[in-house]
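The values are calculated or read from the model by the stated rules, or taken from the named source; none is laboratory data. Source: prediction; values computed, not measured. Backbone-built Cβ (ideal geometry, glycine too); neighbour counts: all protein chains shown. These accessible areas exclude ligands, DNA and RNA; they are computed on the full protein's heavy atoms, side chains included. Shrake-Rupley method; radii C 1.70, N 1.55, O 1.52, S 1.80 Å.
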Amino acid sequence: AAHELETSPTIMYGCALCNYRLRRYSKCMDILTDLIDLSSAQYPQLVALEGSESMHAAHDAVLDLSSVGNSKALASSCLVEAYNLRMAVAWTLKDKETARHALGSMPHRVEEELDPVSLHNKALLEMDTAPGDGFQKLRWLIQSPPFPPETYGNFLLLCLDHGLWGLAADMRADNPHLLSCLSPDTEEYLEAVLLQRTSPEEAYHKLSKLKNRYTSRLEQSSREIERVRESGDEDSLQMAIGKFDQVLGSYVPVVLAQAGILYELGQPKSCEALLRSVQKYLGDQSVWRLDLAHTLFVQENRYEEAILEYEELVKQHRGDILDIPAVALACMCVSHVIEQQNSVAEEILQKVAVSEQERRLSDPTGRVPVHSCVANLVIGNLYCVKGQPESGVPMTLNGVHPVKDMLAPDTWFYAKKAVMSFLVQCAKRLARIDDKLWERIIDFLNEVDVHGRDMPAEIVSETTSSIQGTVNGNARRRTIADEARAIQVLYRRLVGQSGDMARGTSEQVS
């Protein structure tokens, strides 16, 4: 049609979609670029700000742009379809920044005007920064058909990623008619993962069957790639590699789910053996190396091996140390501390602090990285556990500084754990608190009292709260500020009763 008829956005989009289905992603992106250029010339009113700095700044700041509406011109331009397909290619290639840029460059419409595909894609991009909003959009689509068939499966898989087991189980039970939206492999995976809460052994067995099936497919795909590579057919080679990557994408969560079961059952050596057995296929996967490093970390006297794996993970993210999960950097620092390599741990923390400051200045959304926070909390609690609260408590408090930015139910959990541990040791006369540390703890608790008045003390994820709601909406939940005041009372009572036995001086605090 492209050769016989006049070039049009509709025909170009069809060609791009065909190349996408054939996994010819580079060719697909080239056609989409030509399509966008053509439609930009034919319909300039739709893309007046496309590609400009003001456009991206407006999207990042969520400013009120004028909507182009769902006009006939927009439908004829195929710009919505083009940007959604560009986003899909980037998402498949795990390039979230390009995916976010593609969706942000789309002609502006208010959320109520978005088509199901655009709303679905927007939900996927929100899962990293606002998972509650993302889940709400996906659930709304499922309850308001028609919707993209991938929506149902993505919703269930994302529930598992965020630990929303009950929500995933309820959605499956309430929507048996949507079973056709899932592939047999996906349904089998979901069933196995949901089963692990009640019968981990049976879940592991089901996952093993699925893993063996995927392993066989990977071996077949590998042989196909070698055969096609020898033929010199570049298009066929790209298709074969795309097929391999698709199978690998399904293989990874199955293996990691198995590893998670063994880890939770307290079998780190078996978990390590499983992870090493799949190194041939997953050796270059960051999630595989992260799980292997954690598995070594929890085994006594294997901290040096864990450090090597964490360092390999750092090498895979040379662009930005903040791309590494915060818990990985924290565990790496802890490993260095245990191995008496404190200076190395301090150097890592300094690098993280510098990167965080650069990110704060460059990120227009104002999101605050939490890597230093997590690392200081973990290391501080380690010192407290090892009987060195004088070092551990200050480091823990550093992890929640500034309090107005870093205070949250999970960070408070670790901070109060260290503070209470120190309180107990002082009460047992196993530790003494000097004036400087006393004042710092009290100042910290006062700040928590100010900024934690509307924060629940228990750890309930934002996603869980916004999706599932609270069981009793009228009941007042204990806040972080409530606990901070209670702990402060205990500290003051201890000093009042113990005098200079708990503190370095006999001075009383009213």
**Request:** Sort out which residues of region 279-309 are small (Gly, Ala, Ser) and part of a loop (DSSP other than H, G, I, E, B), and write them in order of number.
**Result:** GLY283
**ASP320 being among the charged types (D, E, K, R) and surrounded by 21 or more Cβ atoms within 10 Å (Cβ to Cβ)** = no
**Message:** Give me the helices (runs of 4 or more DSSP H) completely within region 114-202, filtered to those with at least 2 residues that are touching a residue at least 60 places away in the same chain (Cβ under 8 Å) and not small (Gly, Ala, Ser), ordered by residue number.
**Reply:** 131-143, 184-195
**Prompt:** Would you call ARG213 basic (Lys, Arg), closer than 24 Å to THR151 by Cβ and open to solvent by 30 Å² or more (accessible area, probe 1.4 Å)?
**Reply:** no
**Asked** Within region 346-356, is there a residue that is modelled with pLDDT under 85 and buried (at least 17 other Cβ atoms within 10 Å of the Cβ)?
**Response** yes
**Message:** Please go through region 30-68 and give me each residue that is under 13 Å from PRO9 (Cβ atoms) and either in a loop (DSSP other than H, G, I, E, B) or modelled with pLDDT under 90 (or both), ordered by number.
**Reply:** TYR43, LEU46, VAL47
**Counted residues, region 223-244 - those being open to solvent by 40 Å² or more (accessible area, probe 1.4 Å) and out of contact with any helix residue (DSSP H, G or I) (no Cβ under 7 Å at 6 or more places or on another chain)** = 11
**Fill in**
Looking across region 385-411 at residues that are of a type in the set (A, V, I, L, M, F, W, C) and modelled with pLDDT of 80 or more, the single one that is surrounded by the most Cβ atoms within 10 Å (Cβ to Cβ) is VAL393
**Request:** Could you tell me which of the residues LEU437, LEU361, LEU407 is among the aliphatic types (A, V, I, L, M) and under 30 Å from VAL298 (Cα atoms)?
**Result:** LEU407
**Message:** Pull out all pairs, ordered by first then second residue, where Cβ-Cβ is under 7 Å, the residues are six or more apart or on different chains, the first lies in region 223-238 and is within 17 Å of TYR25 (Cβ to Cβ), and the second is open to solvent by 80 Å² or more (accessible area, probe 1.4 Å).
**Reply:** LEU237/ARG229
**Request:** For ARG276, state whether it is part of a helix (DSSP H, G or I), basic (Lys, Arg), over 25 Å from VAL393 (Cα atoms) and in contact with an Asp or Glu (Cβ under 9 Å, 6 or more places away or on another chain).
**Result:** no
**Message:** Anything in region 247-281 that is free of Cβ contacts under 8 Å to residues at least 12 places away in the same chain and more than 21 Å from the chain's Cα centre (by Cα)? List them, or say none.
**Reply:** GLY266, GLN267, SER270, ALA273, SER277, GLN279, LYS280
**Request:** Scan GLU187, GLU202 and give me the residue that is open to solvent by 20 Å² or more (accessible area, probe 1.4 Å) and either under 27 Å from HIS120 (Cβ atoms) or basic (Lys, Arg) (or both).
**Result:** GLU187
**Prompt:** For region 412-460, which residues satisfy the criterion of being open to solvent by 40 Å² or more (accessible area, probe 1.4 Å), modelled with pLDDT under 80 and in contact with a helix residue (DSSP H, G or I) (Cβ under 8 Å, 6 or more places away or on another chain)?
**Reply:** ARG432, GLU458, ILE459, VAL460
**Asked** In the set GLN258, GLN279, which member is surrounded by fewer than 22 Cβ atoms within 10 Å (Cβ to Cβ) and not acidic (Asp, Glu)?
**Response** GLN279
**Complete:** Considering region 134-166, residues that are touching a Leu at 6+ places or on another chain (Cβ under 7 Å) and among the polar types (S, T, N, Q), and then whichever is surrounded by the most Cβ atoms within 10 Å (Cβ to Cβ), we arrive at THR151
**Message:** Checking the structure you have, find out if any residue of region 294-307 is within 21 Å of the chain's Cα centre (by Cα), open to solvent by 70 Å² or more (accessible area, probe 1.4 Å), under 26 Å from ASN212 (Cβ atoms) and modelled with pLDDT of 90 or more.
**Reply:** no
**Asked** Applying the selection to region 76-104, what residues are outside any helix (DSSP H, G or I) and within 24 Å of the chain's Cα centre (by Cα)?
**Response** LEU93, LYS94, ASP95
**Prompt:** When you scan region 473-494, how many residues do you find that are open to solvent by 90 Å² or more (accessible area, probe 1.4 Å) and either modelled with pLDDT under 70 or in a loop (DSSP other than H, G, I, E, B) (or both)?
**Reply:** 3
**Prompt:** What is the number of the single condition among (1) over 23 Å from the mean Cα position of the chain (by Cα); (2) modelled with pLDDT under 90 that ASP128 does not meet?
**Reply:** (1)
